[in-house]
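The next block holds one structure in the form of structure tokens; read it before the comments.
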């Protein structure tokens, strides 16, 4: 009896231990090509090969990935660089293990044709997501002194279509695609680059606790993820199939064309400006620029260095 | 008519004296026959020939043809005016070598 | 194929039938095309109406339902306002709404954040159907932040009621829902809540899908952004927009239609999908801003038209073929007579002139053709008969003419020389009629040492002239036998001809009597062209004559005679105007001048030679021109009597040696005559040739014969005559040697006669009896005084 209990305890321990080593990865949003590299790493067995046990659990439409991490439900998430700097400054214990995005995929799509430049958004209603980017959008608002009335939307662009807003924030790989597919082909698009706020977006973050406990695993996880992304770049067709399979599993309605577009865009955004290859690295200049913006508007006291972001 | 045959510078000279007519032509013909030889040169000297008729002309023509056949040379010389005019009239002047 | 071609060109009925076919086909085609167009237009119109009405009906039903929902909610909003103070009561309102409306699957009243302080951020009573029961709960949770939901936010921002874009129900049962939101404001007009009704799109989808105006029609409904709400292919629903779909097919037209649809328009468009042609009818659902469309297969719409078209094609073709066939048979029957007539004509053409033409019963063009043919046949027969007769006549006339000619020729002396035994006179004459018989005449005879002669020309030519000529000829002989003066003869002739001259023919004539002893010529001219006298020493002159009058015109005319003394050695050349009026192709006359010049130059005094020369010259002039008038020449020469003047003679034997004797003879003559050595030489040459010929060829081998050579000196001429009795041999017949030939080509012989001709001025050969007479004339210069 004691042996049994011991065995069970051992198993539980091992299980727990195993479980403790497991990476529960929650991407920022529901399953889509945006996270193709990770799906590839999973499906193609790169994580397995790297000796990492990875489980991908997606968030719901009204919850944040960060919340799950804070709650302990996940230990790896994706996050915008801007948000990461803010959060880490404020003490959130996460570490950047892989910087996938090098350029901003955010744009402002205009609905009212009288809006020609950013300044014309003065006092107008602009659609914004509930999660990510809120902060940055706000800072841009302040920077240009626009007094924008932000109208939050969850997922669809019905707000835009119905005409309840004058412009909307959009991802080039999501909302922009849908807007263009809904008959609004020729609307003015204001890019981040145009208004001088082209910062890298997504990166892969792991909880500090995990990194300190299992640094090798964390590294392996990052490398396998990178491998997944590189494979995706080389094999876009197959990658698309993988993504669609995952989406079906997750009961997420998928438009093939949309996912194809998204994959293409995301891979594009992984290359620095003027380059045709991804760097997977944190650009110190960009980090500096973000630091300055955040400090200027009092969101943080002091900027973070690349090393600090990477937990070194 | 009289015929004298001489040799002069490798050529045979036939002197015709008198009338070369129907009567006397055969005689000339006979005299000339043996003279026809390979490459021979025969000269009719007509200085003393008073008269020639068509029979005589026939002999002249025949001599010419025979000599031509063996590659010989035939010359007629010293024709008097009347005889010359007969040669002219009949076109013989153009055919023969006349000196 | 070639055969077909032949059949086509050979058959009139077929050609005509095909022409008719062509015309009818063309007309049919045009009519059909016009009809077809309007039929199509009509069908199109009708089908559009049909499809659109089906569409409208459905939309009407949809609208009704939507409207009923709207009304229900709007009514309840009032209730809500009344019960704001009692939030718990609001549940009954939502329950009530769901209960009373079968379409409504759920209803909620969602309040602004913290409206009810006690309830916090969210307060939204919500009732819904589940498994036949109506349940209620709170809608808003941490997971469901309803304030950000489209159904809440959009009507709030727009301040209008709002039908949401369809979405998948949270329940995950793949049910598509739409929510009607109605904003509620408080007394102050401030926005406080949204009251909603959820509808399942299922019923709407059913409605849309029930629109089936045509068998292959399919339907769709799109939302405000073009998103498919109802579609054949389930995976498109809420996943794809019409814009994206159209663009992926590169169908700009369909994109435009999508714009129209989301713009709330109704209408019709067309597109291609998988090679099939579709019509798209669309209409808006005004309440929600959606648009319903039904796509119909083009072939379905026009199916009726298509099949009708097929039928009409087949029917048309059968009809046309039948028509052509009947046409062909009918025409063939009607034109059958043509073939019969053609056959008959062919028969006639082959020579069966009496072939019977087929009977034609009709009285139309066929009949006319038949009658014309019959007439032609008769004419042909008649014509051929006439032709036979006239040909026979012509042949008869021609043979008679030939006989007449020989009779006519028999009337004039034809044998030359006429008096060979006489040396003092020689005559030659030639009569060439222009046609078979002519009007020219001549005659002569000697009586009592007098030569009587006549030359005449009857006016005209041919048979009429020849008859008068015959009369005149005979009359001359008769009259001249008893009247001895030329004028007498002429006058009597005139009398005879003037009598019974109903056809007014007349005859010119020249009559002469030449005394052969004295050389005196008495003559009388009757309108005839005067003769030419050739003088002994050369030269010629026209005899002067009194013209008088032609015979047969004036009976009793006083004809005057004349006299002329002819010298020995001269000639009288008489001719008719056919000579001087001989034409060439350009109608240029031979002329008196030319005749005179020619005669002047003649050295010969041989009538035959002179006559031949003149005739040759005339031929030279006339060349290919047809002889326009009768040509007659009568030439006589008055020669020296024998033993007169200078005459030398030597008799030679046919031995070659005799040439020497002749040579001597000639030498002596030359000395006596003071001839130049050249002339002597030449004479010698010529004579030797002539004499050699006689010696060598005239007599048979071995026989000894004698022959004569005479020389007569007359004026400036020496006349040599060689008379032998050998076989007939004309040395003048031998062709001249060609002195232009080269030595090789030159034949040995032929030089002889060539030399003779060159030396002598005239060479003439005559066979008289058994004698060859060769005459050679040499003209020598006049002696210059003494030697």
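The values are calculated or read from the model by the stated rules, or taken from the named source; none is laboratory data. Computed from a prediction, not measured in an experiment: that's the story for all the values here. A quick note on method: Cβ atoms are made from the backbone with ideal geometry, for glycine too, and the neighbour counts reach across all protein chains shown.
From the list C:651, C:714, pick out the single residue that is closer than 30 Å to residue C:516 by Cβ and surrounded by fewer than 18 Cβ atoms within 10 Å (Cβ to Cβ).
The conditions single out C:651.
Of the numbered conditions (1) within 21 Å of residue C:751 (Cα to Cα); (2) touching a residue at least 12 places away in the same chain (Cβ under 8 Å), residue B:40 satisfies every one except a single condition; which is it?
(1)
Being in a strand (DSSP E or B), at pLDDT 85 or above and within 14 Å of chain A (Cβ to nearest Cβ): is that true of residue C:291 here?
Considered against the rule, which asks whether it is in a strand (DSSP E or B), at pLDDT 85 or above and within 14 Å of chain A (Cβ to nearest Cβ), residue C:291 comes out as yes.
Show the residue pairs meeting these rules: Cβ distance below 6 Å; 6+ apart or different chains; first residue within the stretch C:611-623 and farther than 20 Å from residue C:427 by Cβ; second residue surrounded by fewer than 16 Cβ atoms within 10 Å (Cβ to Cβ).
Close Cβ pairs satisfying both conditions: C:621/C:584; C:622/C:584; C:623/C:584.
Just the residues that are assigned to a helix (DSSP H, G or I) and buried (at least 16 other Cβ atoms within 10 Å of the Cβ), please, taken from the stretch A:277-291.
A:286, A:287, A:289, A:290, A:291, listed by residue number.
Only one of C:649, C:601 is out of contact with any helix residue (DSSP H, G or I) (no Cβ under 6 Å at 6 or more places or on another chain) and either at pLDDT 90 or above or under 29 Å from residue C:695 (Cα atoms) (or both); which?
Values: C:601 fails: either at pLDDT 90 or above or under 29 Å from residue C:695 (Cα atoms) (or both).
Of C:649, C:601, the one residue that is out of contact with any helix residue (DSSP H, G or I) (no Cβ under 6 Å at 6 or more places or on another chain) and either at pLDDT 90 or above or under 29 Å from residue C:695 (Cα atoms) (or both) is C:649.
Given the residues C:548, C:525, C:555, which is the only one that is more than 60 Å from the chain's Cα centre (by Cα), more than 25 Å from residue C:446 (Cα to Cα) and buried (at least 17 other Cβ atoms within 10 Å of the Cβ)?
Result: C:548 is the single residue among C:548, C:525, C:555 that is more than 60 Å from the chain's Cα centre (by Cα), more than 25 Å from residue C:446 (Cα to Cα) and buried (at least 17 other Cβ atoms within 10 Å of the Cβ).
Give just the number: which of (1) without any contact (Cβ under 8 Å) to a residue 60 or more places away in the chain; (2) buried (at least 17 other Cβ atoms within 10 Å of the Cβ) does residue C:501 not satisfy?
(2)
Just checking, does the stretch A:165-176 include any residue being in contact with a strand residue (DSSP E or B) (Cβ under 7 Å, 6 or more places away or on another chain), more than 11 Å from chain C (Cβ to nearest Cβ), assigned to a loop (DSSP other than H, G, I, E, B) and closer than 24 Å to residue A:26 by Cα? Explain how you work it out, then say what you get.
Start the filter on the stretch A:165-176 by keeping residues that are in contact with a strand residue (DSSP E or B) (Cβ under 7 Å, 6 or more places away or on another chain), which leaves A:165-172, A:175-176.
Cutting the leftovers down to more than 11 Å from chain C (Cβ to nearest Cβ) gives us A:167-172, A:175-176.
When the remaining residues are screened for being assigned to a loop (DSSP other than H, G, I, E, B), the result is A:172.
Narrowing further to those that are closer than 24 Å to residue A:26 by Cα: A:172.
The answer is yes; a qualifying residue exists.
For residue A:185, which of the numbered conditions (1) in contact (Cβ under 8 Å) with a residue 40 or more places away in the chain; (2) more than 30 Å from residue A:75 (Cβ to Cβ); (3) surrounded by fewer than 21 Cβ atoms within 10 Å (Cβ to Cβ) fails to hold?
(1)
Quick one: residue A:103 ticks every box in (1) under 18 Å from residue A:141 (Cα atoms); (2) modelled with pLDDT of 90 or more except a single one, so which number is it?
Failed condition: (1).
Would it be correct to say that residue C:91 is assigned to a helix (DSSP H, G or I), in contact (Cβ under 8 Å) with a residue 40 or more places away in the chain, in contact with a strand residue (DSSP E or B) (Cβ under 8 Å, 6 or more places away or on another chain) and within 14 Å of another protein chain (Cβ to nearest Cβ)?
Against the criterion (assigned to a helix (DSSP H, G or I), in contact (Cβ under 8 Å) with a residue 40 or more places away in the chain, in contact with a strand residue (DSSP E or B) (Cβ under 8 Å, 6 or more places away or on another chain) and within 14 Å of another protein chain (Cβ to nearest Cβ)), residue C:91 does not qualify.
Considering only residues of the stretch C:678-699 that are free of Cβ contacts under 8 Å to residues at least 60 places away in the same chain and out of contact with any strand residue (DSSP E or B) (no Cβ under 9 Å at 6 or more places or on another chain), which is nearest to the other protein chains (Cβ to nearest Cβ)?
C:678
For the stretch A:187-208, give me each residue that is in a loop (DSSP other than H, G, I, E, B) and within 17 Å of residue A:286 (Cβ to Cβ).
Matches in the stretch A:187-208: A:192, A:193, A:194, A:195, A:196, A:197, A:198, A:199, A:200, A:201.
Scan the stretch C:240-250 residue by residue and report those that are within 11 Å of chain A (Cβ to nearest Cβ), outside any strand (DSSP E or B) and more than 21 Å from residue C:296 (Cβ to Cβ).
Correct list: C:240, C:243, C:244, C:247, C:248.
Of the numbered conditions (1) without any contact (Cβ under 8 Å) to a residue 40 or more places away in the chain; (2) in a strand (DSSP E or B), residue C:118 fails exactly one; give the number of that condition.
For residue C:118, the failing item is (2).
Within the stretch A:107-139, which residues are more than 14 Å from chain C (Cβ to nearest Cβ), out of contact with any strand residue (DSSP E or B) (no Cβ under 6 Å at 6 or more places or on another chain) and closer than 16 Å to residue A:171 by Cα?
A:133, A:135, A:136
Can we say residue A:146 is part of a helix (DSSP H, G or I) and free of Cβ contacts under 8 Å to residues at least 40 places away in the same chain?
No, not satisfied.
Test residue C:399 against the stated conditions and say whether it is assigned to a helix (DSSP H, G or I) and surrounded by fewer than 11 Cβ atoms within 10 Å (Cβ to Cβ).
Against the criterion (assigned to a helix (DSSP H, G or I) and surrounded by fewer than 11 Cβ atoms within 10 Å (Cβ to Cβ)), residue C:399 qualifies.
Any residue in the stretch C:426-434 that is in contact with a helix residue (DSSP H, G or I) (Cβ under 9 Å, 6 or more places away or on another chain), part of a loop (DSSP other than H, G, I, E, B) and surrounded by fewer than 19 Cβ atoms within 10 Å (Cβ to Cβ)?
Yes, some residue in the stretch C:426-434 is in contact with a helix residue (DSSP H, G or I) (Cβ under 9 Å, 6 or more places away or on another chain), part of a loop (DSSP other than H, G, I, E, B) and surrounded by fewer than 19 Cβ atoms within 10 Å (Cβ to Cβ).
Scan the stretch C:721-734 and tell me whether some residue there is modelled with pLDDT under 70, surrounded by fewer than 20 Cβ atoms within 10 Å (Cβ to Cβ) and within 28 Å of residue C:780 (Cα to Cα).
Taking every residue of the stretch C:721-734 in turn, at least one turns out to be modelled with pLDDT under 70, surrounded by fewer than 20 Cβ atoms within 10 Å (Cβ to Cβ) and within 28 Å of residue C:780 (Cα to Cα).
Conditions (1) part of a helix (DSSP H, G or I); (2) in contact (Cβ under 8 Å) with a residue 24 or more places away in the chain; (3) surrounded by 15 or more Cβ atoms within 10 Å (Cβ to Cβ); (4) not assigned by TED's automatic domain parsing to the domain that holds residue C:24, marked per residue:
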site	(1), (2), (3), (4)
C:321	yes, no, no, no
C:359	no, no, no, yes
C:366	yes, yes, yes, yes
C:378	yes, no, no, yes
C:382	yes, no, no, yes
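Is the stretch C:244-265 home to any residue that is touching a residue at least 40 places away in the same chain (Cβ under 8 Å) and surrounded by fewer than 23 Cβ atoms within 10 Å (Cβ to Cβ)?
Taking the stretch C:244-265 first, the residues touching a residue at least 40 places away in the same chain (Cβ under 8 Å) are C:262.
Narrowing the set further to residues that are surrounded by fewer than 23 Cβ atoms within 10 Å (Cβ to Cβ) leaves none.
No - not one qualifying residue is present in the stretch C:244-265.
Return only the number of the condition from (1) surrounded by fewer than 17 Cβ atoms within 10 Å (Cβ to Cβ); (2) on the phi < 0 side of the Ramachandran plot; (3) without any contact (Cβ under 8 Å) to a residue 40 or more places away in the chain that residue C:186 does not satisfy.
(3)
Go through (1) within 14 Å of chain C (Cβ to nearest Cβ); (2) surrounded by fewer than 19 Cβ atoms within 10 Å (Cβ to Cβ) for residue A:159 and report which single condition fails.
(2)
For residue C:168, which of the numbered conditions (1) buried (at least 19 other Cβ atoms within 10 Å of the Cβ); (2) under 18 Å from residue C:201 (Cα atoms) fails to hold?
(1)
Any residue in the stretch C:662-678 that is surrounded by 14 or more Cβ atoms within 10 Å (Cβ to Cβ), more than 21 Å from residue C:757 (Cβ to Cβ) and within 60 Å of the chain's Cα centre (by Cα)?
Scanning the stretch C:662-678, I find no residue that is surrounded by 14 or more Cβ atoms within 10 Å (Cβ to Cβ), more than 21 Å from residue C:757 (Cβ to Cβ) and within 60 Å of the chain's Cα centre (by Cα), so the answer is no.
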